[in-house]
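Asker: One structure, as structure tokens, below. Some questions next.
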Amino acid sequence: MLNVGKIENGIVLDHIQAGKSMLIYHYLELNKLDCTVAIIKNARSNAMGKKDILKIETDAHSIDLDVIAFIDPDVTVNIIKGGELVEKKRISLPKEVKNVIKCANPRCITSIEQGVQHMFYLADSRRNIYRCRYCDEKYTEQEIEW
Amino acid sequence: MRHILTPLDFSVSELDQIFDTAADIEANPKKYANACRGKKLATLFYEPSTRTRLSTETAMLNMGGSTMGFSDANSSSVSKGESIADTIRTVSCFADIAAIRHPKEGAAMVAKQASRIPIINCGDGGHQHPTQTLTDLLTIRSLKKRLNNMTIGLCGDLKFGRTVHSLIAAMSRYQGIRFIFISPNELRIPDYVTDMLDEKGIPYQENVRLDDVIGRLDILYMTRVQRERFFNEEDYVRLKDFYVLTKKTMRRAKNDMFVLHPLPRVNEISVEVDNDPRAAYFRQVQYGVYVRMALILTLLGIKVNDDGEVIEEGPGKLPL
């Protein structure tokens, strides 16, 4: 079993679908945080075969759970206080995602208008389909430029 | 404050009230001649559209109000790079209600977010065109005396045709509606529309040939293949005359089927069809004025009594 140091206060995201931890890292903008962040990729998992884990030593309230749910609704969120697990949270697909992703439709007004909020709504919860609030274009995962 | 960005912004019963008002306007136009006296409509047209702009302005003028605006982005502050949000904040200081048309999808939503006055979406790119849809619904209701239990065929550019998307969304709220989509493969109905129909369990089918299905239709909604929606001129030239409705094709249609078209028509309906009593597209234009009058009254919260006196008015602009 792989051992990564415990965190004292913060949040542990477990059961992340293997390969999605960096997406969550990107959309939560963890690169901008000054705290400890541990990224564990392809950890062995009995249930999933492989999984990713993220440990973030920060105030749990500062993390946008909707962003995590949007990327992977099956993630388990563990809240850690004083080195102990105090709460396990289940998350579900958010009805709306604000200023996380941008619309890729070149005909969408958000491609030219400055200062607009980028909003997507959950159009189909069975198939995890989000659509742009402005133009109804379906969101498809894009390559992230690191 | 109410706006109209899509036909779904109003419930079926609210739309019924708008259509009842429109029918009353048709029967008693004089009663409404001063309903909007002192009110100003701004028409913000970032792309040209003679019909929709004139129809909306006529609606306001018929009720004693006045109009202002621009009909081309080059003749406005937009050419200096002003955002939609700033334009609508400014116009909110001048007018009581604004009608906006813009080539980008979702433009009216941006306007709504910044506006202190009701917004009428008069077309946002290939996305929505609710006042055309209300026109279509009123026309169907007036001609068929109902809005439920019918088969509606939509023919032509179903991919970029915003009138088509709006009409489907609106008609899918009535009982017993079936759709037949007739288009070349390149201009098929987008998946967000069929997803919505699947979700609601509304039956539809897709066909390439109009002749094969016209006999089953109660309404045939023809559309123009629009040059401005194509990035590639070659595709446009190949597809523009894919459908031409002729007298011969009309022989296969039911006697009580009506042909609608949002206009302008190019070649997709032969002029020989114009004299057919089932050709309803010019009547549709007249209904467009009535329904826009009813919509302006609704958004401004204005009601008149039988003597034409304004007996109720909405709260007006939102504070600065």
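Asker: What are the aspartates and glutamates whose alpha-carbon lies under 18 Å from the alpha-carbon of residue B:39, with same-chain residues fewer than 8 places away excluded?
Answerer: B:57, B:96, B:309, B:312, B:313
Asker: Test of understanding: ordering A:61, A:26, B:127, B:261 by Cβ neighbours within 10 Å, fewest first, what list do you get? Could you put the intermediate results ahead of the total?
Answerer: Values: A:61 9, A:26 16, B:127 28, B:261 24.
Placing the least packed residue first, the sequence is A:61, A:26, B:261, B:127.
Asker: Here's another thing I want to ask about it. Quote the relative contact order of chain A in percent (integer), defining contacts as alpha-carbon pairs under 8 Å separated by 6+ residues.
Answerer: With pairs under 8 Å counted, the relative contact order is 21 percent.
Asker: Per-residue HN-Hα couplings for region B:206-212, Karplus 6.51 cos²θ - 1.76 cosθ + 1.60 at θ = phi - 60°, whole Hz, x for Gly and Pro?
Answerer: These are the phi-based 3J(HN,Hα) values: 10, 9, 9, 9, 5, 4, 5 Hz.
Asker: In debye, nearest 20, what is the charge dipole magnitude of region A:10-90 about its Cα centre with +1 on Lys and Arg Cβ and -1 on Asp and Glu Cβ, if you could check?
Answerer: Charge dipole of region A:10-90: 380 debye, to the nearest 20.
Asker: If you take each beta carbon of peptide B:83-91 and count the beta carbons of other chains within 10 angstrom, what is the mean?
Answerer: Values: counts 5, 5, 4, 3, 0, 0, 0, 0, 0.
Whole-number average of other-chain Cβ neighbours for B:83-91 is 2.
Asker: Turning to a different aspect of this structure: What order do you get for A:70, B:94, B:230 when you list them from fewest to most C-beta neighbours inside 10 Å?
Answerer: Final ranking by Cβ density, sparse to dense: B:94, B:230, A:70.
Asker: Now for a separate question. Given H placed on each backbone N at 1.01 Å, which residues far from residue B:125 in sequence or on other chains put an amide H within less than 5 Å of it?
Answerer: Counting only residues 5 or more places away or on other chains, the set is B:102, B:104.
Asker: Give A:51/A:81; A:20/A:95; A:6/A:55; B:30/B:317 a once-over and call out the pairs whose C-alpha atoms are over 19 Å from each other.
Answerer: Violating the 19 Å Cα-Cα cut-off are A:51/A:81; A:20/A:95; B:30/B:317.
Asker: What ³J(HN,Hα) values, in whole Hz, does the Karplus curve 6.51 cos²θ - 1.76 cosθ + 1.60 give for region B:162-169 when θ = phi - 60°, with x put for Gly and Pro?
Answerer: Calculated HN-Hα couplings, in order: 5, 4, 5, 4, 5, 5, 5, 4 Hz.
Asker: Show which lysines lie in cross-link reach of residue B:31 when reach means a straight Cα distance below 16 angstrom and same-chain residues fewer than eight apart are skipped.
Answerer: Straight-distance partners of residue B:31: B:303.
Asker: Give the long-range amide H neighbours of residue B:33: residues separated by 5 or more places, or on another chain, with amide H under 5 Å away, using H modelled in the peptide plane at 1.01 Å from N.
Answerer: Under 5 Å from the amide H of residue B:33: no residue qualifies.
Asker: Next question, about the same structure. Which of A:55, B:31, B:104, B:80 has the fewest other C-beta atoms within 10 Å, and how do the rest follow up to the most?
Answerer: B:80, B:31, A:55, B:104
Asker: By a straight-distance test (C-alpha under 26 Å), which lysines pair with residue B:248 as possible cross-link partners, with residues fewer than eight away in the same chain excluded?
Answerer: The qualifying lysines are B:144, B:240.
Asker: Based on DSSP H runs of at least 4 residues, each adding -39500 (n - 2.57), what is the mean residue ellipticity at 222 nm of chain A after dividing by all its residues, to the nearest 500 deg cm²/dmol?
Answerer: Theoretical 222 nm ellipticity from helices: -2500 deg cm²/dmol.
Values in this text are rule-based calculations from the coordinates and carry no lab data. Computed from a predicted structure; not experimentally measured. We place every Cβ from the backbone using ideal geometry, glycine too, and count neighbours over all the protein chains shown.
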